[in-house]
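The values are calculated or read from the model by the stated rules, or taken from the named source; none is laboratory data. Quantities reported herein were computed from a predicted structural model and do not represent experimental measurements. We place every Cβ from the backbone using ideal geometry, glycine too, and count neighbours over all the protein chains shown. Note: accessible area is taken over every heavy atom of the protein model, side chains too, but ligands, DNA and RNA are not part of it. Shrake-Rupley method; radii C 1.70, N 1.55, O 1.52, S 1.80 Å.
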Amino acid sequence: MSERAKAFAQANQITFNNLNLLVTALTHPSYAQEQGMTENNQRLEFLGDAVLNLVVANYLYIAYPNQSEGVLTKIRAKVVCERYLAKFARALNLGDYLILGRGEENSGGRNRNSILADALEAVIGALFLDQGLEYTESFILKNMQKDIDAVADGDFYDYKSRLQELVQSMSRENVTYNILKETGPAHDRTFVAGVSFQSRLLATGTGKTKKEAEQKAAERALKELIK
């Protein structure tokens, strides 16, 4: 078991002082139950979930200063989910190193999203106990920052679709979006988008990306239309 943990750490260039923590993180409850062991990865999973949420929340707070608490919460909830955690785990080939019981092994547990996501959180918990928050934060963001930004810049709460549905329930014409203004240096741009219907400007919105600005404009337009 320790050799498997050591191979996982080496393959992913992760430092561990106490390899037993990583062994526990890789040990699925099914194996522990079969072997009569008291330790499995569930407690580390609990800790890792808390650490992961903290790291993502802190990143969002710093990277998206203009977003409200409600929006940041929605982004975090969408990215800290089974789908993205399993994707992260697969990038580490985590499934190859899991210590599973016979039943889980025979039923394809190494590639099951739920098992991969739980094991990843356990690894994060173990890494936090062994190396501290700064190292663990670096590990998480190295692997998840692109996905976090993609979710933050996407239609995580799609006001544009809602506005389109509302307008098309009343007319065959659709709304249009235009970028009205761009300010700031190239590495820190701010965009102002306008949403119009039948050549009439309904609302404007401001954001750090064009998509975000358009979403803000659509949100304001919806509020005006459904008063």
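Bridges between two residues of the chain, per DSSP, are antiparallel at a rate of about 95%.
With N as its number of residues, the stretch 47-136 has a Cα radius of gyration that, divided by 2.2 N^0.38 Å, comes to 1.22. Look at the dipole of the chain built from charges on Cβ: of Leu166, Met37, Ala186, the Cα furthest out on the positive end belongs to Leu166. Residues of the stretch 2-33 with amide nitrogen under 16 Å from the 7 Å Cα-to-Cβ point of Glu105? The answer is 2-5, 26-33, whose backbone nitrogens lie closer than 16 Å to the label point.
Under a point-charge model restricted to the Cβ atoms of Lys and Arg (+1) and Asp and Glu (-1), what is the dipole moment magnitude of the stretch 38-105 relative to its Cα centre, in debye to the nearest 20?
On the way: 8 positive and 8 negative charges, 65 e Å.
Approximately 320 debye in magnitude.
Solvent-accessible area per residue in the stretch 64-142 equals 47 Å², computed with a 1.4 angstrom probe and all protein chains kept. When the Debye formula is applied to the Cα atoms of the chain, each taken as the same point scatterer, what base-10 log of I(q)/I(0) results at q = 0.13, 0.15 Å⁻¹? These q points yield log10 I(q)/I(0) values of -0.79, -0.92. Computed over the stretch 104-227, relative contact order equals 17 percent, with contacts defined as Cα pairs under 8 Å that lie 6+ residues apart.
With a probe of 1.4 Å, find how much accessible area the stretch 145-227 has per residue, and write the answer as a whole number in Å².
Accessible area per residue, the stretch 145-227: 61 Å².
In whole percent, how big is the carbon plus sulfur part of the accessible area of the stretch 87-227, probe 1.4 Å, protein atoms only?
Looking at the stretch 87-227 in its full context, I get 46 percent from C and S.
Mean shadow of the stretch 159-211, computed from the convex hull of its alpha carbons, in nm²?
3.7
FRET efficiency for the pair Ser171 and Ala150, taken as 1/(1 + (r/R0)^6) with r the Cβ-Cβ distance and R0 = 35 Å, rounds to 0.60. Spatially close Lys pairs in the stretch 123-227, defined by Cα atoms under 24 Å apart and a spacing of eight or more places or different chains, total 23. Taking every Cα-Cα distance in the stretch 128-180 and sorting them into 10 Å bins from zero, the calculated P(r) comes out as 19, 26, 21, 15, 13, 5, 0 percent. In plain terms, the chain from Leu180 to Glu134 could stretch by 12.5 nm, reckoned as 0.36 nm per residue minus the Cα-Cα distance.
Computed from point charges on the beta carbon alone (+1 for Lys and Arg, -1 for Asp and Glu), the dipole magnitude for the stretch 157-227 about its Cα centre is near 100 Debye.
Remark: the stretch 118-227 projects, on average over all directions, an area of 10.1 nm² (convex hull of Cα atoms).
When the Kirkwood radius is taken over all Cα pairs of the stretch 19-58, what Stokes-Einstein diffusion coefficient follows at 10 °C and 1.306 mPa s, in µm²/s? Intermediate values should be presented prior to the final figure.
Details: Rh = 10.9 Å.
Rounded to a whole number, D works out at 145 µm²/s.
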